[in-house]
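> First the structure, then my questions, so here it is.
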Ligand code: PLP
């Protein structure tokens, strides 16, 4: 049983089928001038329109396909900043795709500031207002935290930022929001928004950056000038088509999925009420539970659940080998809470019976471990 859907998801059968069909029947280069190339190009453009609709974007906005969210995040940052520009703001606890880039820019001499998180895992508005000065040129704040599920009030943050300086470019990493809650990029007011295929039951190796009409970003990858000159490299047509199919499927039943997953999270939290080692650190999104079982290291619990074919996470999969979780640290958790923190993340396909089984096995393994520990 897979409880690590914030790290990746299984591809929808229809998306896989489209991936295979396009790979077999329309493997042509979309830049080619003959009619087969045009056919491939049409697939790309149709998929672009579909995904834009799923984001509630205007058809005049751009959507740049990339190799995934990591690349889209880099494109958002590196494509927006200018030499000798102003200050760049990032939230603490961003995904490493943002955080590492921000720190690298800091080392290269750019003026970087990080906005504090509250203990509920969202950006601290007081700190945000203090740091959002007229010399800020770029802001990146994730929509939903991949660690805790905390939902940042992006629309309000954009409004505050634009009042300070209307030309600030506001980016949000929407990887854990798109397909889970209704996303309307126009209502959010963001200039740039990142999404990823494999987090919404689409294929891996495909993502996109939404770019609001009128916003100019510089390309990071130079070459043949694909994607309107913004991202060179032959388009991954099968993955793009499958991504659009997954986006269609996932947004169609979004409300129903949300209510179902909410009942799963509620069941888990109710089952842990009064259970002494349990601490909850998750807020907002029902898709993610971040919690600790005090006294049992996260990695020990993760491996002990494997014998039941249960797979959970210990935070961001890409950075799970690092000992301190930046997000939880920024929220002020103790060392004891951090080393025992796990991440459970749901898919709409999961059942209450699976969660019952998870609760039963976690309690059994935690009790067993703690009883051995205290006997020593
Ligand atoms: N941003 C967030 C919030 C994520 O959760 C992830 C994946 O863990 C990424 C970016 C990176 O996504 P990708 O694997 O598509 O590069």
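> Looking only at region 96-124, which residues are surrounded by fewer than 18 Cβ atoms within 10 Å (Cβ to Cβ) and either without any contact (Cβ under 8 Å) to a residue 12 or more places away in the chain or in the same structural domain as residue 290 (by TED's automatic domain parsing) (or both)?
Those that are surrounded by fewer than 18 Cβ atoms within 10 Å (Cβ to Cβ) and either without any contact (Cβ under 8 Å) to a residue 12 or more places away in the chain or in the same structural domain as residue 290 (by TED's automatic domain parsing) (or both): 100, 103, 104, 106, 107, 108, 109.
> Give region 141-160 a look and list any residue that's outside any loop (DSSP other than H, G, I, E, B) and more than 11 Å from the ligand (Cβ to nearest atom), or say none.
Of everything in region 141-160, those that are outside any loop (DSSP other than H, G, I, E, B) and more than 11 Å from the ligand (Cβ to nearest atom) turn out to be 151, 154, 155, 156, 157, 158, 159, 160.
> State all residues of region 180-202 that are part of a helix (DSSP H, G or I) and either outside the structural domain of residue 139 (by TED's automatic domain parsing) or without any contact (Cβ under 8 Å) to a residue 60 or more places away in the chain (or both); if no residue qualifies, say none.
Across region 180-202, the qualifying residue is only 188.
> Looking at 356, 329, 307, can you tell me which residue is surrounded by 13 or more Cβ atoms within 10 Å (Cβ to Cβ) and modelled with pLDDT of 95 or more?
356
> With (1) closer than 27 Å to residue 118 by Cα; (2) away from the ligand (no atom under 16 Å from the Cβ) as the list, and residue 199 as the residue in question, which single condition is left unmet?
Failing condition for residue 199: (2).
> Please specify each residue of region 7-18 satisfying the condition of being in contact with a helix residue (DSSP H, G or I) (Cβ under 8 Å, 6 or more places away or on another chain) and either part of a strand (DSSP E or B) or within 16 Å of the ligand (Cβ to nearest atom) (or both).
Selection gives 7, 8, 11, 15.
> Taking residue 287 as the residue in question, decide whether it is out of contact with any strand residue (DSSP E or B) (no Cβ under 7 Å at 6 or more places or on another chain), within 19 Å of residue 1 (Cβ to Cβ) and at pLDDT 95 or above.
no
> Within region 162-179, is there a residue that is touching a residue at least 60 places away in the same chain (Cβ under 8 Å), over 23 Å from residue 79 (Cα atoms) and either within 16 Å of the ligand (Cβ to nearest atom) or touching a strand residue (DSSP E or B) at 6+ places or on another chain (Cβ under 7 Å) (or both)?
Yes, region 162-179 has at least one match.
> Of the conditions (1) out of contact with any helix residue (DSSP H, G or I) (no Cβ under 9 Å at 6 or more places or on another chain); (2) farther than 11 Å from residue 240 by Cα, residue 45 clears all except one; give me its number.
(2)
> How many residues does region 79-98 hold that are over 19 Å from residue 209 (Cβ atoms) and within 16 Å of the ligand (Cβ to nearest atom)?
Matching residues across region 79-98 total 2.
> Hey, does region 213-220 have a residue that's part of a loop (DSSP other than H, G, I, E, B), under 22 Å from residue 348 (Cα atoms), outside the structural domain of residue 261 (by TED's automatic domain parsing) and touching a helix residue (DSSP H, G or I) at 6+ places or on another chain (Cβ under 9 Å)?
No, that holds for no residue.
The values are calculated or read from the model by the stated rules, or taken from the named source; none is laboratory data. The structure displayed is predicted, hence computed values, not measured ones. Note that each Cβ is placed from the backbone with ideal geometry, even for glycine, and that neighbours are counted across all protein chains shown.
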